[in-house]
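Everything below concerns the one structure shown next.
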Amino acid sequence: MSRRLVGCCLTVLLWSVAGGWQPRVQAQQDVTLGIFAYRPEPVIQERYAQLADYLSRESGLTVRLQVLNQDAMNRALSANQIDFFLTNPSHFLVIRSDRSLTGVLATVQREWQGQSTGSIGGVILVRAARDDIDGLSDIRGKSIATPGMFFLGGYQSPALELKDAGVDILRYNRMVHLGNHDRVIRAVQAGDVDVGFVRTGVFEELVLDNPALMTELKIINRQRLSGFPFVVSTRLYPEWPLVSLPHVESRVVRRIASALFALEPDHPAAIAASISGFSPPADYQSVEQLARTLRMSPYDQVPRVTWLDVLSQYRVWVITVVVLFVLLVISSFWLGRKKRQLAIEERRLRELIASWPQPMLMIRQGAFVDCNRAAVVLLGYNSEASLLGKGLPAFSPDKQPDGMLSLQKADASMRQVAAGQVVQSEWVFERSDGSEIWVDITLAPVYEQGQDAPSVLCSWYDITRRKHAEERQRLALRVFENAREAIFITDAHGVVVDINDAYSEITGREHKVAVGSLPPLPLDEGSAILIAARKHGVWSGEFASRHRKGHPTILSLTLSSVFDDHDELSHFVGVFTDITQLKETEKQLRTMAHYDALTGLPNRVLFSDRLQQSMAQARRQGYQLAVIYIDLDHFKPVNDAFGHDAGDGLLIELARRMRATLREEDTLARLGGDEFAAIIVNVSDGHTLNALLSRLLTTVSAAAWVAGHSVEVSASLGYTLYPQDCELDGDQLLRQADQAMYRAKRDGKNRYCKFSDSST
Amino acid sequence: MNRRHFLQLSVAAVSAIGVGGCSGTAPLRTGIHPWIGYEPLYLAEEFGWLSNSVHLLKGAAASDSMSGLLSGELDAAALTLDEALRVFSQGIPLRIVAVTNVSVGADMLVVKPSITSLGSLSGRAIGVELGGVSGVLLFAVLERAGLNTDQVSVIDLPVHRHPEAWQNGIIDASICYEPTATALMKAGGTRLFDSSQIPETIFDTLVVTEQAARRQPEAVRDLVYGHFRGLRHLVRSMHDAVYRVATRQGITPDAVHQSLATIMLPELSANQRYLAYHGRIEVVARRLTDVLIREGLMETRPVYDRLADPSFLPRSMS
């Protein structure tokens, strides 16, 4: 080392003195070649001494051989005391990872009995007597001797084969590290351990010294590889590398390398070292892979896995998981929002239903399970609790208006709903205060999940008012139809739109004829009536009309106008009756009151009336009138002799004759019995009057033929005139005439006599 | 037997029936024969990286795999592209699911020393296994030599019988591959032409029948995965793999090294490229189809939408 240092110093010195002059012949340099002692050091020293000599000779450098075990080699390397080294590939990998090396210069080619190989493997040895160990799997749990961890053939390659066979030696086996291969074989031989691991070639070398080994030991998992000179239990890897260290000058490296590659198999140095030479560096990837698989140094660190590694390795998974997670989060948010919305929606819906003005209920198995306020109010209760749990019949009278029992009707409806139908019917409820209420009930099935039978949605619609209105309407219709009075309805123009039966009966017009035509109205007034009815709201009156068949009728009509909501006239309603009969009766009654039933002459009442009128007229027009009192003479004997019928017939005959004698404007009345009175208007003079009176007497006294007999009677007449000096009334005037008539009677009958005050 | 035990048994029986009814009992029957390009599959099987859903049936030559596919005894096979096309044209629709290797010198023309140029092949007897990949090389050779098939004497002979015919003077030239090529060259032959001169033309592939691709996609995926797993060992742990290949093929590790030098083993990404729609495989397949039909080695043109199907390739080999 010191010589090398001196050499270096000299070089530096020369360099500085000569100012860059390069010496052509450099001083003899020392090069240290470290060789790993995989077998006992003397053995290695002996084998490789010649190689060192050869290299010294060929390179012109002094190559010093240093045989070292692994620890020593590591120390020497860290102290830079070695320039080149030769070691097993596993150890090389450890060294290479400790310091950056220029790499492998060459790979050893081993030679054995004429066969050369660049491959190395492991040999698994047990004593031949061990029958219990025949295959790799038998090694589980056995004690194993190895030269050390960083031996390729002596540890790592057998370990891999066992690992592949399912035997993790670090876990299942006791390991003994003995430092070199010879000790391993001795330990196995001695039975100290069950199994030994050595590299290829060692066994054959030892067998040379001790042939008994061949029979004492056996090889486990022996590989049959033609062309490979050694027994082997594992797959093969590249042989030992010869490595140069970075600090070595490249010139030196070149020289050594050329010497190495120049070594021929038959050279004594090669033969001594049992090698056939050196080949270009092999690919040690397989060894790296081996160490990696076993997690051995320098690959014993579990690779630090970064997130990026994971990402690149499991990109698809990571992305998938992330995407799924994001989707999950999004969908959770979405679901949460939906749920809130749903809750709000549900609350709103519930609120809506609860406050819905129309009663709604839910029925399950015949009983109310839910209801809204309107339902409670409709039935006249205070709280929902009054309704829930009870059924429809509980709030209904025993019988429904259609005659069915409430219980039966409810059951029938529920069955229909259960069959999937929507049922609608009318229902009467009995409210809490006992009043009845009509509803239009609708029952609809609601299919809920998890329920066999559908629930029933029930809604009520209060139709009580409608029902009452209908009742009234029906009543009105009945009135309209059955009234004895004719009723008609017209439009605003008076054209009939509807009539009742009585109308047809009274007018003789059928419904279809009447509708569309005008109703019976007074012919002369017509539209005036409509105008009056419109103006005053009603018009009533009587008028003559004519039945369709032609006979006249008298109708009493009341016409009312009907106004719509906007106070516009929309219709007229007319009610009329046929009062023809009534009028006839009235006329008869009137006749009976003023005329004598036998003779048809005015009676005393009408006479008085006419007398008043005539007196008034005479005063007004200034003419004279005469009142004549007529009494028949000898009438009673006729009556007695021939009966009342003959008397009556005589009276009728005489009345006719007298009436015919008088003028049209004069009045003849029968006052009773055989007494008559007459009013003679417009008496111009006494002469004319006397003539008339005479004619009367003549007329009466002429013979009359009654009841098969000719009868002759006479009359006594008394008369008076008007106006007179003092004012008189009708009765006084008649009395005057009566007094005059008595005088005539007294004077001998069948004569006339004028009233005079003196005569009284 | 108590009740509980009985129930357990019943469940076991039912599940066994259920599994039996599915694809569980029918592994993907895959034909394979010795060839350096197919070694990854052998390695995968050896190391147990091949799923139980794949069953390797080992034949002696490509013809075994082809007849197996045609007879329906195989669902998949390792074949060259032209072999696959021939099977296809005989009525078995196939899909190419992986390219195992591309020949860069593996197939070669070995000639007797008297033949010094391609032109001097005229009139000579050329031993060739027309039914295999060698035919493709023959036509490439003849095309390069400016000759047609009438101008040479084509002896259709299985490759493993070439050394014998060579010794007996039946053939002057042989289109062959390892290990026959080495044997012929030991017998004095020289290599005049090889597939490295027609790059990216001779492909070895894994093919599956259309039916299997549809019915057992998982098994097909397992097969392709097994190939790439084995391939990784072959490439990364070559120090181990060469001995195993040598052991299987009965040759030296050095010879394995030499064999490996004559092929390219495309990795996953290269496979993606080769198998792409209108990628190299489909382009070459069309060209090959033209040649094979022209030379009468194929009668009908296979009809397909997609011949190459990269969908069974593993996404990555971690």
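Evaluate the charge dipole of region A:520-639 about its Cα centre and quote only its size in Debye, nearest 20, assuming +1 on the Cβ of each Lys and Arg and -1 on the Cβ of each Asp and Glu. Please list the in-between numbers first.
Values: 13 positive and 14 negative charges, 122 e Å.
Magnitude of the dipole: close to 580 debye.
Taking Cα atoms, how many degrees apart are the long axis of helix B:238-249 and the longest axis of chain B, rounded to 10 and kept between 0 and 90?
Result, in degrees: 80.
Using a 1.4 Å probe, how large is the accessible area of B:His160, given in Å² and rounded to the nearest 10?
Number for this one is 140 Å².
Indicate the gyration tensor shape class of region A:356-463 (rounded, prolate or oblate), computed on the Cα atoms with a ≥ b ≥ c the square roots of the eigenvalues: a/c under 1.5 is rounded; otherwise a/b larger than b/c is prolate and the rest oblate. Present the calculation step by step, with values, prior to reporting the outcome.
Details: a/c = 1.76, a/b = 1.25, b/c = 1.41.
In terms of gyration-tensor shape, oblate.
Name the residues of region A:224-240 whose accessible area, probed at 1.4 Å, falls by at least 40 Å² once all protein chains are in place instead of their chain on its own?
Buried by the other chains: A:Leu225, A:Ser226, A:Arg235, A:Leu236.
Taking a label point 7 Å from the Cα of B:Arg287 along the Cα→Cβ vector, which residues of region B:60-92 have an amide N closer than 15 Å to it?
Residues B:81-82 qualify, since their backbone N sits under 15 Å from the label point.
Per 0.36 nm of contour for each residue apart, how much would the distance between A:Arg140 and A:His468 grow if the chain were fully extended, relative to their Cα-Cα spacing? Walk me through the intermediate numbers first.
Working: separation 328, 0.36 × 328 = 118.08 nm, distance 10.56 nm.
Working it through step by step, the gained length comes to 107.5 nm.
Using only helices, what value at 222 nm comes out for chain B when you add -39,500 (n - 2.57) per DSSP H run of length 4 or more and divide by the total residues, to the nearest 500 deg cm²/dmol?
Details: 13 runs with 142 residues, N = 318.
Using -39500 (n - 2.57) per qualifying helix, the result is -13500 deg cm²/dmol.
Counting only protein heavy atoms and a 1.4 Å probe, tell me what percentage of chain B's accessible area is made up of carbon and sulfur.
Numbers: 7300 of 13810 Å².
The nonpolar share, carbon plus sulfur, comes to 53 percent.
Only Cα pairs under 8 Å and at least 6 apart count here; give the relative contact order of region A:104-171 as a rounded whole percent.
On the way: 54 pairs, mean separation 19.0, N = 68.
Result for region A:104-171 is 28 percent.
Take each of the peptides A:747-753, B:102-108, average the number of other beta-carbon atoms within 10 Å over its residues, and list them starting from the highest.
Numbers: A:747-753: 16.7, B:102-108: 24.7.
Descending mean neighbour count gives B:102-108, A:747-753.
Give me the aspartates and glutamates in straight-line cross-link reach of A:Lys583: C-alpha distance below 20 Å, same-chain residues under 8 apart excluded.
Result set, ordered by chain and number: A:Glu485, A:Glu505, A:Glu542.
What full-extension length gain, to one decimal in nm, is calculated for A:Glu345 and A:Val538 as 0.36 nm per residue of separation minus the Cα-Cα distance?
On the way: separation 193, 0.36 × 193 = 69.48 nm, distance 6.04 nm.
Extending this stretch completely gives an extra 63.4 nm.
How many Å³ per residue does the convex hull of the Cα positions in chain B occupy? If you can, show how the numbers build up before the last one.
Values: hull volume 48.4 nm³, N = 318.
In chain B, the Cα convex hull volume per residue is 152 Å³.
Name the residue from A:Val627, A:Ser527, B:Leu206 whose Cα lies farthest towards the positive end of the charge dipole of the protein assembly as shown, charges +1 on Cβ of Lys and Arg and -1 on Cβ of Asp and Glu.
Sorting the options by dipole projection puts first B:Leu206.
Give me the summed buried accessible area for the B-A pair, 1.4 Å probe, to the nearest 100 Å².
Values: alone 14490 and 41210 Å², together 54420 Å².
Interface area, both chains combined: 1300 Å², rounded to the nearest 100.
Provide the three semi-axes, in whole Å and in decreasing order, of the ellipsoid equivalent to region B:107-197 as defined by the square roots of 5 times the Cα gyration tensor eigenvalues. Walk me through the numbers on the way to the answer.
Values: eigenvalues 57, 36, 33 Å².
They are 17, 14, 13 Å, listed largest first.
Based on the alpha carbons, how large is the Rg to Rh ratio for the protein assembly as shown when Rh follows Kirkwood? Write out the running numbers ahead of the final one.
Details: Rg = 75.4 Å, Rh = 46.1 Å.
The Rg/Rh ratio comes out at 1.63.
For the pair A:Arg373 and A:Ser274, how long in nm is the line joining their label points, each one 7 Å along Cα→Cβ?
10.9
Taking 1 over the mean of 1/r across every pair of different Cα atoms in region A:483-584, what Kirkwood radius in Å do you get?
13.6
Counting only protein chains, not ligands or nucleic acids, how are A:Glu204, B:Glu143 ordered by accessible area (probe 1.4 Å), most first?
On the way: A:Glu204 25, B:Glu143 140 Å².
Descending accessible area places them as B:Glu143, A:Glu204.
Could you state the accessible area per residue of region A:28-136 in Å², with a 1.4 Å probe and every protein chain left in place?
Details: 4120 Å² over 109 residues.
Accessible surface, normalised per residue, equals 38 Å².
What's log10 of I(q)/I(0) for region A:349-408 at q = 0.17, 0.23, 0.30 Å⁻¹, Debye sum over Cα points only, no solvent?
Treating every Cα as an identical point scatterer, log10 I(q)/I(0) equals -0.59, -0.94, -1.20.
Grab the other residues whose beta carbon is less than 13 angstrom from that of A:Ala703, score K and R as +1, D and E as -1, and report the net. Could you put the intermediate results ahead of the total?
Numbers: positive: A:Arg657; negative: A:Glu653, A:Glu712.
Counting the neighbours of A:Ala703, the net charge comes to -1.
How much accessible area per residue does region B:135-256 have, in Å², with a 1.4 Å probe? Working shown, then result.
On the way: 4930 Å² over 122 residues.
Per residue, region B:135-256 has 40 Å² of solvent-accessible surface.
Counting Lys +1, Arg +1, Asp -1, Glu -1, what net charge surrounds A:Leu206 among other residues with beta carbon under 10 Å of its beta carbon? Don't skip to the answer; put the middle values down first.
Working: positive: A:Arg39, A:Arg186; negative: A:Asp182, A:Glu204, A:Glu205, A:Asp209.
Summing Lys and Arg as +1 and Asp and Glu as -1 gives -2.
Would you mind classifying region B:173-294 by shape? Square roots of the alpha carbon gyration tensor eigenvalues, ordered a ≥ b ≥ c; an a/c under 1.5 is rounded, otherwise it is prolate if a/b is larger than b/c and oblate if not.
Working: a/c = 2.12, a/b = 1.22, b/c = 1.73.
Taking the square roots of the gyration eigenvalues as a ≥ b ≥ c, region B:173-294 is oblate.
Quick one, what does Rg over Rh come out to for region A:447-529 if you take C-alpha atoms and the Kirkwood Rh?
On the way: Rg = 23.9 Å, Rh = 16.6 Å.
Here the Rg-to-Rh quotient is 1.43.
Label-point separation (nm) for B:Gln90 and B:Ser316, each offset 7 Å from Cα along Cα-to-Cβ?
According to this spin-label approximation, the distance is 4.3 nm.
Under a crude label model (7 Å from the Cα following the beta-carbon direction), how far is A:Thr661 from A:Ser517 in nanometres?
Label at A:Thr661, label at A:Ser517, 5.6 nm between them.
Calculate what fraction, in whole %, of the accessible area of chain A sits on carbon and sulfur atoms when a 1.4 Å probe is rolled over the protein chains. Can you show the working numbers first?
Details: 21450 of 40610 Å².
It is 53 percent, rounded to a whole number.
Considering only C-alpha atoms, what is the centroid distance from region A:354-377 to region A:531-606, in Å?
If you average the Cα positions of each part, the centres end up 61 Å apart.
Using Cα-Cα distances under 8 Å and only pairs 6 or more residues apart, what relative contact order does chain A have, in percent?
The normalised contact order for chain A reaches 7 percent.
List the lysines whose Cα lies under 29 Å from the Cα of A:Lys745, skipping any in the same chain that are fewer than 8 positions away.
Of all the lysines, those that pass the test against A:Lys745 - Cα under 29 Å, at least 8 places apart if same chain - are A:Lys636, A:Lys754.
If ligands, DNA and RNA are left out, what is the accessible area of B:Asp75 with a 1.4 Å probe, given in Å² to the nearest 10?
The accessible area of B:Asp75 comes to roughly 20 Å².
What average count of beta carbons from other chains do you get within 10 Å of the Cβ of residues in A:282-289?
The shielding value for this peptide is 4.
For a Förster distance of 30 Å, can you work out the FRET efficiency between the beta-carbons of A:Asp747 and A:Ala593, rounded to the nearest 0.05?
Working: r = 36 Å, r/R0 = 1.20.
For A:Asp747 and A:Ala593, the calculated efficiency is 0.25.
Could you put A:Val126, A:Val323 in order of accessible surface area, largest first, with the 1.4 Å probe and the full protein assembly present? Mind dumping the intermediate values first?
Details: A:Val126 0, A:Val323 70 Å².
I get A:Val323, A:Val126, largest accessible area first.
Going Cα to Cα from A:Lys399, which aspartates and glutamates come in below 19 Å? Please leave out same-chain ones fewer than 8 positions away.
Those aspartates and glutamates meeting the cut-off are A:Asp411, A:Glu426, A:Glu430, A:Asp433, A:Glu436, A:Asp440, A:Asp462.
Could you calculate the FRET efficiency of A:Asp266 with A:Asn74 from 1/(1 + (r/R0)^6), where r is the beta carbon distance between them and R0 is 30 Å, rounded to 0.05? Please report the intermediate quantities before stating the final value.
Numbers: r = 35 Å, r/R0 = 1.17.
Using R0 = 30 Å, I get an efficiency of 0.30.
Between region A:129-181 and region A:244-310, what is the C-alpha centre distance in whole Å?
Taking the Cα centre of each part, region A:129-181 and region A:244-310 sit 25 Å apart.
Among A:Tyr447, B:Tyr243, what's the order by accessible area (1.4 angstrom probe), most exposed first?
On the way: A:Tyr447 150, B:Tyr243 10 Å².
Order by accessible area, largest first: A:Tyr447, B:Tyr243.
Using a 1.4 angstrom probe and counting only protein chains, how large is the accessible area of A:Ser608 in Å², to 10?
Probe radius 1.4 Å; accessible area of A:Ser608 about 40 Å².
More than 21 angstrom separation, counting every C-alpha pair in region A:620-707; what % is that? Mind showing how you got there, number by number?
Details: 1266 of 3828 pairs.
Here the tail beyond 21 Å accounts for 33 percent of pairs.
If you fit an axis through the alpha-carbon atoms of helix B:134-145 and take the longest principal axis of the Cα set of chain B, what angle between them do you get, 0 to 90°, nearest 10?
30
Can you give me the accessible area per residue for region A:386-437, using a 1.4 Å probe, in Å²?
Working: 2800 Å² over 52 residues.
So region A:386-437 comes to 54 Å² accessible per residue, rounded to a whole number.
Given C-alpha coordinates of region A:595-759, what is the ratio Rg to Rh with the Kirkwood estimate of Rh?
On the way: Rg = 15.4 Å, Rh = 15.9 Å.
Using only Cα positions, Rg/Rh for region A:595-759 is 0.97.
Roughly how tilted is helix A:315-355, in degrees to the nearest 10 and between 0 and 90, from the longest Cα axis of chain A?
That helix lies at roughly 20 degrees to the long axis.
Mind giving me the FRET efficiency for A:His551 and A:Gln613? R0 is 30 Å, r the Cβ-Cβ distance, nearest 0.05 is fine.
On the way: r = 34 Å, r/R0 = 1.15.
Plugging the Cβ-Cβ distance into 1/(1 + (r/R0)^6) gives 0.30.
Using all alpha carbons of region A:673-760, what is the percent of pairwise distances in each 10 Å bin, ordered from the shortest bin to the longest?
It works out to 16, 46, 29, 8, 2, in whole percents.
The values are calculated or read from the model by the stated rules, or taken from the named source; none is laboratory data. Only a predicted model underlies this, so the values are computations on that prediction, with no experimental measurement involved. Reconstructed Cβ throughout: ideal geometry from the backbone, glycine too, with neighbour counts over all protein chains shown. Note: accessible area is taken over every heavy atom of the protein model, side chains too, but ligands, DNA and RNA are not part of it. Shrake-Rupley method; radii C 1.70, N 1.55, O 1.52, S 1.80 Å.
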